[in-house]
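*Asks:* Structure incoming, see below.
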Amino acid sequence: MREVGGPLLDRLALASEKLALGERPGSVSTALTGQGQTLAGHRPYALGDDPRRIDHRAWARLDRPVVRTYRRDREQRLHLILDTSGSMGAAFPERYDRAREIATALAAIGLAGLEDVRLSALADPPRTLVTVAHGRSSSAMLAARLRGLACGGRAPAAALASLLRGAPRGVSVVLTDFLDDAPAGGWVAALAGPSPGWVIVLTHPDDPLVATGEAVELLDAEGRGRRQTVLDPPTVAAARARLLHHRTRRTAALRAAGVRVVDVDAAQSWEAALMGPLRAAGLVVTS
């Protein structure tokens, strides 16, 4: 897992307010502009503060830089849910690394925009790792929790429903590989609703198998079952066809329910993922 940070994150914001209300991406307002907030006062400027919050009229009057502070009119929360099932790291470890890097970046962007961030592991049983984090100073803590989070076992749709049940209103973002065999209905039931969530699907060019003519022993990364087989080209082609069909059906069902599904190639960098598919889909915007 690479370090996540740098000036790129300062240029991005979450399109959270309108997305949380179920509105279409496009001409979005972000929490960084004070959308959904009331001006509460001022405080002295500190290193790391967003320059856009500087009140230049107050600076001229007080002869020192100050930033505006806001009181929230309604709760804003980014709920990051990371699939920690065995398939996320079994064949291609970069998939799980990329998922954790993207989650780290989204958390940092959200914290900079005054979002509360909640972090959960989609596992069996599901776990909420951080109930609430707020402010830029929490970025390092969240990054450390993600870096130390191992993958293994299964991630059933029922676990996702459990994590979202009773969670505070906001934007939910699930990072997964869609390599489980659960019906689409469980995902739709968990994520659809008044504030539909997001699903970032970490794909890989070699999903799900790499062709070889040798007999091998396959290990089920989530169920721990074993079986002997020969990975000849027809076997690989059939497996890839089943996977494509499964992903396509689940994606179509989720999108029909208003859930936003974005495919991200796990072979690309987290920076390319943010500036490419995630910005194109409207999850992040250039501030």
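We did not get these values from a lab; they are worked out from the coordinates using the rules stated. The structure presented is a predicted model; accordingly, all values stated were derived computationally and were not measured. Cβ sites come from the backbone with ideal geometry, for glycine too, and all protein chains shown count toward neighbours.
*Asks:* Taking the alpha carbon gyration tensor of region 122-183, what are the square roots of 5 times its eigenvalues, largest first, to the nearest whole Å?
*Replies:* Value: 23, 16, 10 Å, ordered largest first.
*Asks:* Convert each backbone phi in region 132-148 into a coupling constant with the Karplus relation 6.51 cos²θ - 1.76 cosθ + 1.60 (shift: θ = phi - 60°), then list the ³J(HN,Hα) values in order as whole Hz, x for Gly and Pro.
*Replies:* Karplus-based 3J(HN,Hα) across region 132-148 equals 7, 10, 8, x, 4, 5, 7, 4, 5, 5, 5, 4, 5, 5, 5, 4, x Hz.
*Asks:* Now for a different question. Suppose each label sits 7 Å from its Cα in the direction of the beta carbon; what would the Met141-Leu47 distance come out to in nanometres?
*Replies:* 2.2
*Asks:* Quick one: which residues, 5 or more positions from Cys151 or on another chain, have an amide H under 5 Å from its amide H? H modelled 1.01 Å from N in the peptide plane, none for Pro or chain starts.
*Replies:* Counting only residues 5 or more places away or on other chains, the set is empty.
*Asks:* Now for a different question. Based only on other Cβ atoms within 10 Å, what is the fewest-to-most ordering of Glu101, Glu271, Glu3?
*Replies:* Glu3, Glu271, Glu101
*Asks:* OK, next. So if each residue of separation counts as 0.36 nm, and I subtract the Cα-Cα distance between Ala238 and Ala189, what length gain in nm does that give?
*Replies:* 14.7 nm is the gain from fully extending Ala238 to Ala189.
*Asks:* Please work out whether region 88-206 counts as rounded, prolate or oblate from its C-alpha gyration tensor, where a ≥ b ≥ c are the square roots of the eigenvalues and a/c under 1.5 means rounded, while otherwise a/b larger than b/c means prolate and anything else oblate?
*Replies:* oblate
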